[in-house]
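Trainee: I have a structure I would like to understand better, so I am pasting it below and will then ask my questions one at a time.
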Amino acid sequence: MFIAGLSAIWDYIALHTLFCLIPAFFIAGAMAALIPKDLLLPYLGKKASNFVSYPIAILAGLLLAVCSCTVLPLFAGIRKSGAGIGPAIAFLYTAPATNILAITYTSSLIGWDIALWRIAFSIVFAVAIGIIIDRIFKEEEAKAAAANVFGKKKKDKNTIKRLLMLFVPLVAILLAGTRLEEGIIKYAAIAALVAATAFAAKKYYSREETDYWMSESWRFFAMIFPMLVAGVFIAGVLGAALPADLVAQYVGNNGFLAVLIPVVFGLFMYFPTLVEVPMAKTFLELGMAKGPLLAYLLADPVISLPSMLAVNKIMGTHRTIVYAGLILVFTVAAGLLYGTIAA
């Protein structure tokens, strides 16, 4: 079993690190370091239109690579800054469920079909849960102090141009590395895009900004990669230790109980961000059906017992119970729907 764990780590590093995770870490670091926080916050206030606040909240979540516990101080921060409960919850759900690293890794390790369904369901659920909780628990009008925090909405065209010049080639590196077949075209495209990214960084950003970008990228790597390797090792050991017929017996079909089991497992267990992906791959190889697999991926990174205890401190018991209940209902429904489609 120990050898199986080491073998899983070797396969993971060889197949998914250079062209998958490394570009994603650079993207996550650039998002954390170079996107001004006040560029998005003005659009999350209680008086902002839902057609503006929810897309912005989801976009902010997509830009981060955090687990259900790490996102909590960010959630508390935007709530304290005056964000409405609905958009804040949309952010709380999206950041661990469907961030850039999670989707990239899911597509690389399991497949683009699951990755696309994961991101689609996560976005729909984030908006739906946020709106439902906002409607159930009517909030008081925003205080003047909170309104002053957000201030007047401003569009800095120069900031947007700088971001586009850097992020377009940076994201293209990730897409080329994961989508193009091996060969001269792939490596030539990546080399050209790396050169374009370096040129944009040199031309549009100061040395201090690029140093901060590198430090944030390293921070993400140091925080996530060791835990990810440990998760891959555990998944490899489980793959060798668990009888295949045991997994197939309980979650090898797309029935209600088979979908519910991995969701409940995700509700009580806590894994660092991205570890759910190698775990899901192991379960799939042991006979888990596609419906339970997607339900697990939708539930596990978003909610756990430790994170719910912390959420309870931030937004209260009643909201937390409704939030957890909606996640349970929605993820089970998604698993049943996808199981029917994929069957």
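Trainee: With a ≥ b ≥ c taken as the square roots of the eigenvalues of the C-alpha gyration tensor of the stretch 265-339, please select rounded if a/c is under 1.5 and otherwise prolate if a/b is larger than b/c or oblate if it is not?
Mentor: oblate
Trainee: Note down the nm distance, to one decimal, between modelled labels 7 Å out along Cα→Cβ at residue 137 and at residue 218.
Mentor: 4.0 nm
Trainee: Obtain the nm distance between the two label points defined at residue 257 and residue 187 by a simple spin-label model: each point lies 7 Å from its Cα along the Cα-to-C-beta direction.
Mentor: 5.4 nm
Trainee: Starting from 0.36 nm per residue, how many nanometres of slack lie between residue 195 and residue 264 once their C-alpha separation is accounted for?
Mentor: Going from the current span to full extension adds 20.2 nm.
Trainee: Can you check what the net charge comes to around residue 204, using other residues whose Cβ is under 11 Å from the Cβ of residue 204 (Lys, Arg +1; Asp, Glu -1)?
Mentor: +3
Trainee: Taking square-rooted eigenvalues a ≥ b ≥ c of the alpha carbon gyration tensor, is the stretch 79-137 rounded, prolate or oblate, where a/c under 1.5 means rounded and, failing that, a/b exceeding b/c means prolate?
Mentor: Verdict is oblate for the stretch 79-137.
Trainee: Between residue 340 and residue 202, what's the calculated FRET efficiency when r is the beta-carbon distance and R0 is 45 Å? Round to 0.05.
Mentor: 0.30
Read the figures in this text as sums done on the coordinates, not as results from a lab. As the structure is a computational prediction, the values presented were derived from the model and not from experiment. A quick note on method: Cβ atoms are made from the backbone with ideal geometry, for glycine too, and the neighbour counts reach across all protein chains shown.
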